[in-house]
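Just so it is clear, none of the values below were taken in a lab; they were calculated from the coordinates. Every value quoted in this text rests on a predicted model; they were computed, and no experiment measured them. Neighbour counts run over all protein chains shown; Cβ positions are idealised from the backbone, glycine included.
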Amino acid sequence: MRVFRKFLAAAPLVLVGSFCHQTAAEIELPVLGDTSSGMISPAQERQLGQNWLRLYRSQVPTSSDPFVIEYLENLLARLVPYSQLEDKHVELVVVENSTLNAFAVPGGIIGVHTGLLGYAKTENQLATVLAHELAHLSQRHYARRLEQQKNMAVPFYTAMLASLVLLATSSSHNNDAGMAALATTQALALDAQLRFSRQNEQEADRIGMQTMVQAGLDPYAAAEMFEEMLRGSRYGRRPPEFLLTHPVSESRVADAYNRAMQYPRKPQADNPEYQLMRARIRAASEETPQQAIRRFKGELDGDTQSRYASRYGLTLAYLLAHEYDNAREALAPLLEQEPDRLTYQIMASDIEVAAGNYQDGIATLEALLERHPDSHPARIRYAEALMKAGQYQRSAEVLERYSRQRPNDDYVWYLLAEVNGLAGNILGVHEARAEYFILNGIFDRAQIQLRNALKHAEGNHYRTAILQERIKYVEHQQQRLAN
């Protein structure tokens with residue numbers, strides 16, 4: 001779900017409208033090494049990718065839904081070991097946008113628009129897109145292009161940032177604006193060399209399918225997904241964004257089917273959790289909870305791909321509408337059918353916390369964390385429930401520990417700053433806000449927060465030393481961007 005981030009809203013962000021027309025000289029990324037001497041190194045790619053990600057986060061609405069994030073992280077964790085990536089560490093960014101798009105950025109960054117989950121009908125179809133993007137990274141298709149040109153790393157990353165920001169901030173519901181954005185994006189994508197060569201695409205198709213097979217997923221899903229995209233591009237006013245940089249033709253669909261026929265087809269039941277995540281995204285995409293209620297009621301009264309997912313979506317819609325009794329009634333059959341499904345159990349606690357029954361909701365979450373200590377949604381919901389119940393210090397302690405496990409999760413730092421403020425821990429507020437701003441590439445605001453924290457840490461030599469090192473780090477990042 002989208003989170004309103006008050007202190008981010010006050011930060012001096014670059015406006016997307018003007019941003020997309022800036023030149024490479026105006027949007028600086030650090031120059032690492034001499035790209036004219038050959039292919040940039042993986043270490044250089046990772047550093048450039050991390051700086052790219054910070055700037056990207058500062059420009060686009062990203063999701064903080066812990067359920068969707070954990071689901072996608074788990075699916076990537078299933079695929080990555082079977083990919084040809086030398087460095088198996090990848091970083092996920094989930095973009096709140098209803099358009100069909102996914103992308104990979106050199107340095108191990110995978111981006112997923114929430115609209116992709118709405119478009120892909122099965123987990124296997126979604127996985128085939130992710131496997132394809134992983135293949136582009138593993139084969140270093142971006143770096144091969146840069147190898148042929150001198151000093152192109154910064155302009156390349158800059159143009160990639162501009163085009164992907166534009167894709168992430170254009171709405172599929174605003175056709176006129178969308179078509180205008182689409183034309184600009186195509187030009188930017190061409191400048192950024194996001195359109196891979198036919199040979200690159202064929203290689204990514206082949207290696208992506210190998211990844212799917214080795215991960216125990218359905219190789220035929222690639223052809224099915226491409227076929228859906230091709231059909232959508234024929235009948236829709238605007239083609240899916242994914243097709244801008246990954247054109248699909250009838251011959252490519254046929255090639256995918258021929259390639260899949262090399263493997264035995266094993267019927268696979270879809271992952272129920274995937275359909276629940278799709279329901280979460282569909283509920284959040286409606287303009288009002290009442291519209292979401294009507295949508296899911298209509299599905300349950302008629303035809304639906306997944307009745308349990310439609311019922312889960314209806315439960316979430318009732319929760320968003322503050323209709324707690326209706327939410328409990330809608331959830332009851334799901335819990336009766338699968339009492340041990342963690343997603344349903346957390347939903348039950350969400351209802352109680354929202355209804356003000358904090359003790360019951362917190363007790364449920366504590367019991368769940370005993371059995372599922374690594375659950376990201378359970379940990380986040382527990383911290384949120386403690387905060388809503390006024391147990392600010394306990395919530396801060398939970399988040400402080402969790403920030404060490406997920407130091408690159410900006411929502412964890414956002415929550416920690418909020419709860420520290422409620423607890424009256426001013427030093428903690430400044431420290432957490434600084435980390436949040438660092439992750440979002442807003443270094444001037446991070447430096448202000450760190451210097452304020454330094455004043456409150458006076459006399460604490462350990463905290464002072466840490467803060468001074470973070471200030472040096474931020475100053476170093478600012479210098480890189482300025483040079």
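Observations
- Taking a straight line from the alpha carbon of LYS455, these aspartates and glutamates sit under 12 Å away, with near neighbours fewer than eight places off in the same chain left out: GLU431.
- Share of alpha-carbon pairs per 5 Å distance bin for segment 339-483, given as whole %: 2, 10, 17, 18, 17, 12, 9, 8, 5, 2, 0, 0
- Rg to Rh quotient for segment 39-79, alpha carbon positions, Kirkwood Rh: 1.10
- Local net charge near GLN262, Cβ-Cβ under 14 Å (Lys/Arg +1, Asp/Glu -1): +1
- Under the combined filter of DSSP loop state and at most 12 neighbouring Cβ atoms within 10 Å, segment 245-322 retains these GluC sites (Glu not before Pro): GLU287.
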